[in-house]
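Written out below as C-alpha cells is the structure these notes cover.
The values are calculated or read from the model by the stated rules, or taken from the named source; none is laboratory data. Keep in mind that what you see is a predicted model, and the values were worked out from it rather than measured. Every residue, glycine as well, gets a Cβ built from its backbone with ideal geometry; the counts of neighbours run over all protein chains shown. Ligands, DNA and RNA are stripped out before the accessible areas are found, and what is left, the full protein with its side chains, is counted by its heavy atoms. Shrake-Rupley method; radii C 1.70, N 1.55, O 1.52, S 1.80 Å.
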Amino acid sequence: MSVRISSTLVSQSCTQTSSLSSAPPATCMPPGSSSASDCSTGKSRWLRASATPHCQPDCAPGFVTSLRAPPLDTATLLLFAIPVFWLLSLLLSLSMAGLLGSVFLLVLQTYAAPPEFVQVWPSASTSGPGLLANETVTPSLVPPPGTSKHTPQSIIIGVRKGGTRALLEMLDIHPEVAAAATEVHFFDWDENYSKGLEWYRELMPYSYPHQITIEKTPGYFTSPLAPARIRAMNSSIRLLLILRDPAERVISDYTQVYFNRLENHKPVQAIEDMLVRNGALNTRYKAIQRSLYDVHMRNWLLHFPLEQIHIVDGDTLIRDPLPELQKVECFLELPPRIVASNFYFNQTKGFYCIRSDGRERCLHESKGRPHPPVNSTVLQQLRSYFRQHNRNFYRLVGRTFNWH
C-alpha cells in the first residue's frame, strides 16, 4: 500500500535533523486538520524523506502538514459496522424491556394494591373557599375498588347564606354519604347545563353501592329553571332546603359581598345605602329578592311535591345541630350514625365545629363573619317587608319558624 505525503510551509522552516531514521513514529493527522500532529517529543511536521512518516521534533510553530489516508475496503467497513449494529440492538432491547417492565409494575400497582395503600378521592372535605380549614386531600389516580360515580340522589338546593356548607359538612360525617366537593351550578347556569348530564356525573365523588351522593348549590333555590331541570334528571330525588331568618340572611349576604370586594380592592357601600334608595326600601336589591322564600317555593312546588322537599331550620342548626341532622337522616332514610360527640362548640369562632375520625375541624374562616351594625330604622323596614312573605311561606309548607 502506497502513501502520499504533502507538506506546506506557512512560516519559517524547521531545522533539518541529521538522521530521519531515528525520529520517533508519528500519529497521522486527520484529513482537513489545521494543526500539526503531536509527537511524544513536541510539535512536529511530516517529512517527504521516507515512505513511512516520521515526526520531526522541535518544529517551528508555523509549519503545517497533512496526510491523505487511503479509502477503507468493504471488509474493513464490515469489521466496524457489525459491533456497532450489535451494540445499538442491545441498547434498543434494554429500552424496550424497561418500558414493558414499567407498564407491568403500573398494572400490578393498580389491581393488586392492598386497601390501605389506595387513596380516597376528594369529597366535601377538600380544602378551598368555603370548605373546611386545614383540610388537604391528595387525589388518587385509582378510585377505591367497588366504587363508581352517580348523579345525586339528594341535592341541597339552597338558600344562599342559609347554612348550606355547614349542612353538607355535617352530613359528610355519615359513613353512607358521599358529598360533592364543590358547588357545580349545573342546573342554574346555562353554560354548564349545555355540557350534558355525563359532564355533571363526572363531577360527582366516587361512592360505594350503599352510599348516597349529595350535591349542594345554593343558587338552585332562586333559579327559575332549576326545578324543571332537576325533575327531568330524577323526578324522585330528595331535596334539602336550609333557611334562616330572611332579614338576617340579607345582612349575611351583604357581608359576604362586602368582604369579597375588599379582598379584590373594589369600592364598597354601607349596607344602608344598599337597602334604601330614595328614602324607601330597595326591594330590587338581589339580597332582598333571594329572601322572598314564598316566591321561590311556589316555583319548586310546581315540579315537586312537598314530601320530597325537607326544610332544615338554619337558625336551629347553628345553635344545636344534632336534632336537625337527625331529621335529615330520617328524611334520607339513612341509619342513625351522627351523634352528639361529633360536635363541639368553638368559643373563639362562636359556632359548632365537627369532630369525626379522630379529627377536629371547623368551617372555613370566611364562614361566621360578624355582621356589620345596621341602622335600627332600616332594619325594622326590612323585617316589616318580609313579614307577609313569611306568612305566605308558612302556609305553603305547613309549618312556622321563629323569624322576626
- Query: What are the residues whose amide H is under 5 Å from the amide H of VAL312, where those residues sit 5 or more places off or on another chain and H is modelled from the backbone?
  - Reply: LEU241, ILE242, LEU243
- Task: Return the sequence-ordered ³J(HN,Hα) values of the stretch 172-185 in whole Hz as given by the Karplus equation 6.51 cos²θ - 1.76 cosθ + 1.60 applied to θ = phi - 60°, using x for Gly and Pro.
- Result: 5, 5, 5, x, 9, 10, 10, 9, 5, 6, 10, 7, 7, 6
- Quick one: pull the percent of accessible area on the stretch 238-365 belonging to carbon and sulfur, 1.4 Å probe, ligands and nucleic acids left out. 50
- Could you run the Karplus curve 6.51 cos²θ - 1.76 cosθ + 1.60 with θ = phi - 60° over the stretch 387-398 and give me ³J(HN,Hα) per residue in whole Hz, x for Gly and Pro? 4, 6, 4, 5, 4, 4, 5, 4, 5, 5, 9, x
- Task: Run the quick spin-label model on ARG298 and VAL142: label points 7 Å from Cα toward the beta carbon, then report their separation in nm to one decimal.
- Result: 5.7
- Message: Between TYR394 and GLN269, what is 0.36 nm times their sequence separation minus the Cα-Cα distance? Round to one decimal in nm.
- Response: 41.7 nm
- Message: Checking the table LYS149/LYS286; LYS149/LYS266; LYS327/LYS349 against a 32 Å threshold on Cα-Cα, which pairs fail?
- Response: LYS149/LYS286; LYS149/LYS266
- Debye intensity ratio I(q)/I(0), log10, the stretch 319-404, q values 0.19 Å⁻¹ (C-alpha model): -1.05
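Using the beta-carbon distance between VAL378 and ARG319 and R0 = 22 Å, what value does 1/(1 + (r/R0)^6) give for FRET efficiency, to the nearest 0.05? Walk me through the intermediate numbers first.
Working: r = 26 Å, r/R0 = 1.18.
Plugging the Cβ-Cβ distance into 1/(1 + (r/R0)^6) gives 0.25.
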